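Each remark here refers to the structure printed beneath this line.
The values are calculated or read from the model by the stated rules, or taken from the named source; none is laboratory data. Values in this document were obtained by computation on a predicted structure and should not be read as measured data. Here the Cβ is made from the backbone with ideal geometry for all residues, glycine too, and neighbour counts use every protein chain on show.
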Amino acid sequence: MAQKQFAVIGLGRFGSSVAKTLYELGYDVLGIDVDEELVQDSVDIVTHAVACDSTDENALKSIGIRNFDVVVVAIGDDVRSSILTTLTLKEMGVKMIVVKAQDTMHGKVLEKIGADRVVYPERDMGARVAHNLISPNILDYIELADDYSILEIQAPSKFVGRSLEQIDIRRKYGCNVMAIKHRTHINIAPIASDIIQEGDVLVVVGRNEDLDELDETR
Ligand code: ATP
């Protein structure tokens, strides 16, 4: 299967980070920005970089944007450009359009006009940092829905030396352990007899109130 081709429109802090990460993971990435200087500065973090205005349909056509598997629109401040770009990409038949939204209203409009995925990096990162500040044992946090999340959490000391079956997390806390990280090794399919060791990190999915209870167990 051919490798996925990505295009990132808007090479600000968020867009350039998305582009650079994809490129470092070995994917082909086209970076696009209206700012020539930013395009020049991006040559080392993308496969190709082009200066053009993404609200100009002809410019997007000449780049062949339709041929990319995923197009990321990382224009934040200029909401009008973000919306026009998304609409144009949609009309051109781009398969997967991922767009960064400034706020909920912006996000709602993007969804209405056909963005396949809307991301809120500032909001989500803020929530992750806050969770980590409340409990230093919470290493990472991903919201799945209003009531459900995935937590990456330092294993409580009272779990150490006991198997998942003995701890009985599912029944006692209503949460599911998806993975156990032990130093550099990660067990992505834990079974009942797996034993938690000192320093292990648990990746747990559950309702927020159940996860809070689990976090308070030490
Ligand atoms: P970040 O927080 O990621 O740095 P931001 O949310 O402040 O970015 P902007 O700075 O508004 O977002 O936009 C990101 C980039 O998108 C900028 O480098 C800007 O030049 C580029 N950009 C804005 N409008 C267009 C457009 N119409 N076509 C191409 N690039 C654009």
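Scan the stretch 63-111 for residues that are within 15 Å of the ligand (Cβ to nearest atom), more than 21 Å from A49 (Cα to Cα) and touching a strand residue (DSSP E or B) at 6+ places or on another chain (Cβ under 7 Å) and report the count.
3
Would you mind telling me which numbered condition in (1) part of a strand (DSSP E or B); (2) more than 10 Å from the ligand (Cβ to nearest atom) I45 fails?
Result: I45 passes all but (1).
Can you tell me which residue in the stretch 14-37 is nearest to the ligand (Cβ to nearest atom), limited to those that are crowded, with 18+ Cβ neighbours inside 10 Å and part of a helix (DSSP H, G or I)? Spell out how you get there, then give the answer.
Residues of the stretch 14-37 that are crowded, with 18+ Cβ neighbours inside 10 Å, as a first pass: 14-16, 18-20, 22-23, 29-34.
Right, trim to part of a helix (DSSP H, G or I) and you get 14-16, 18-20, 22-23.
Details: F14: 3, G15: 6, S16: 8, V18: 9, A19: 11, K20: 12, L22: 15, Y23: 17 Å.
Among them, the one singled out is F14.
Considering only the stretch 209-217, I want to know if a residue exists there that is over 18 Å from I134 (Cβ atoms) and at pLDDT below 95. It would help to see each step written out before you state the result.
Taking the stretch 209-217 and keeping what is over 18 Å from I134 (Cβ atoms), we get none.
No, the stretch 209-217 contains no residue that is over 18 Å from I134 (Cβ atoms) and at pLDDT below 95.
For the condition closer than 30 Å to A189 by Cβ and basic (K, R), what is the one hit in K100, K158, K112? Can you show your working first?
On the way: K100 fails: closer than 30 Å to A189 by Cβ; K112 fails: closer than 30 Å to A189 by Cβ.
Just one listed residue meets the conditions, K158.
How about the stretch 54-167: which strands (runs of 3 or more DSSP E) wholly inside it have at least 3 residues that are of a type in the set (G, A, S), within 30 Å of Y23 (Cβ to Cβ) and not assigned by the TED database to the domain that holds I191?
Values: elements: 70-73, 96-100, 117-119, 138-143, 148-154.
Output list is empty.
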